[in-house]
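So the structure is just underneath, and the comments pick up after that.
The values are calculated or read from the model by the stated rules, or taken from the named source; none is laboratory data. What you are looking at is a predicted structure, and each value in this text was computed from that prediction instead of being measured. All Cβ positions, glycine included, derive from the backbone under ideal geometry; neighbour counts span all protein chains shown. We work out accessible area using only protein heavy atoms, side chains counted, and drop any ligands, DNA or RNA first. Shrake-Rupley method; radii C 1.70, N 1.55, O 1.52, S 1.80 Å.
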Amino acid sequence: MGGTGTSDTIAVRVWRGERHGGFQSFAVPRLANQTVLDVLRFIQRRLDPGLAFRHACRVGVCGSCAVRVNGIARWACRTHLDRVVRDDALELAPLDHLPAVRDLVCDLAPFFDQWTAAGGYFVPRPDADGFAAIAPESPARRAVEAGIECIGCGICYSECDTVGDRPEYLGPAALNRAWTLQNDTRDGARAARLHAVSGDAGCHACHSRFACSERCPKGLSPAASIAALKRQGVAALLGGTR
Ligand code: SF4
């Protein structure tokens, strides 16, 4: 059960430091409808202005506020304490598998570098002429819509065991992005992208543990996108149509 009503304050342990560091404890007043981001903002405004963390939109759109909350990566702005506080205590740490910058801020460059390596950017078809007419009910359009709402928060990357074991692995978000582009009929780089995601560090390295899909705050399923990429790669090897 959450700690609602059990105490006027919660004990918050926050990771502090750069390459090396440790947890620092703060006592934070417990309020109704309080989010993890509310807690971080209280600490920074009232207790320690030196605390470093990222946030921008505060409404689950920008993806910048992701941190580990009691060991699990979540978006801070839309995570209510009622769901995560245990015994009036909370532990906040930076995302896993990314270099530390300071406190709860990590360097997202390796995460986005993998998007580039996976061909996770639109390449217009050279024969494209004018607007493309794409039927909303077409399978390709549905496949795009299933994965397009990624906000680049890095939560799936932090939760992925394979990323932890093999830093060269492209990761769930980059592969999910690649799959949406493989279904974009306006895109002209599908063969090259399929080659990019089919290598040793690509979709076939995924163990299908589904942590990415379980944790994605937008309800996407990178694991399903990765499985689809695997099928597309096999179909291409067997002389399929893509
Ligand atoms: Fe975040 Fe989900 Fe995109 Fe991964 S797939 S970066 S968890 S929004």
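Listed values, structure above:
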read-out	value
In segment 160-173, the residues that are open to solvent by 10 Å² or more (accessible area, probe 1.4 Å), more than 13 Å from Ala201 (Cα to Cα) and either near the ligand (Cβ under 8 Å from one of its atoms) or out of contact with any helix residue (DSSP H, G or I) (no Cβ under 6 Å at 6 or more places or on another chain) (or both)	Asp161
Helices (runs of 4 or more DSSP H) completely within segment 158-242 that count 3 or more residues being small (Gly, Ala, Ser)	172-182, 190-197, 222-237
Selection count, segment 2-54, where residues are touching a residue at least 60 places away in the same chain (Cβ under 8 Å), closer than 14 Å to Val69 by Cα and in a loop (DSSP other than H, G, I, E, B)	1
Pick from segment 213-238, criterion open to solvent by 60 Å² or more (accessible area, probe 1.4 Å) and not aliphatic (A, V, I, L, M), ranking: farthest from Cys153 (Cα to Cα)	Arg231
Residue in segment 174-222 that is nearest to the ligand (Cβ to nearest atom), counting only those that are small (Gly, Ala, Ser) and in contact with a Pro (Cβ under 7 Å, 6 or more places away or on another chain)	Ser213
Flag for Ala118 being open to solvent by less than 80 Å² (accessible area, probe 1.4 Å), more than 21 Å from Leu181 (Cα to Cα) and of a type outside the set (Val, Ile, Thr)	no
Criterion violated by Arg141 - all others in (1) assigned to a helix (DSSP H, G or I); (2) under 24 Å from Val59 (Cα atoms); (3) more than 16 Å from the ligand (Cβ to nearest atom) satisfied	(2)
Qualifying residue in segment 18-26 (condition: open to solvent by less than 90 Å² (accessible area, probe 1.4 Å) and acidic (Asp, Glu))	no
Filter pass, Phe131 being free of Cβ contacts under 8 Å to residues at least 24 places away in the same chain and within 16 Å of the ligand (Cβ to nearest atom)	no
Lone unmet requirement of (1) open to solvent by 50 Å² or more (accessible area, probe 1.4 Å); (2) closer than 22 Å to Arg41 by Cα; (3) among the acidic types (Asp, Glu); (4) modelled with pLDDT under 95 for Asp88	(1)
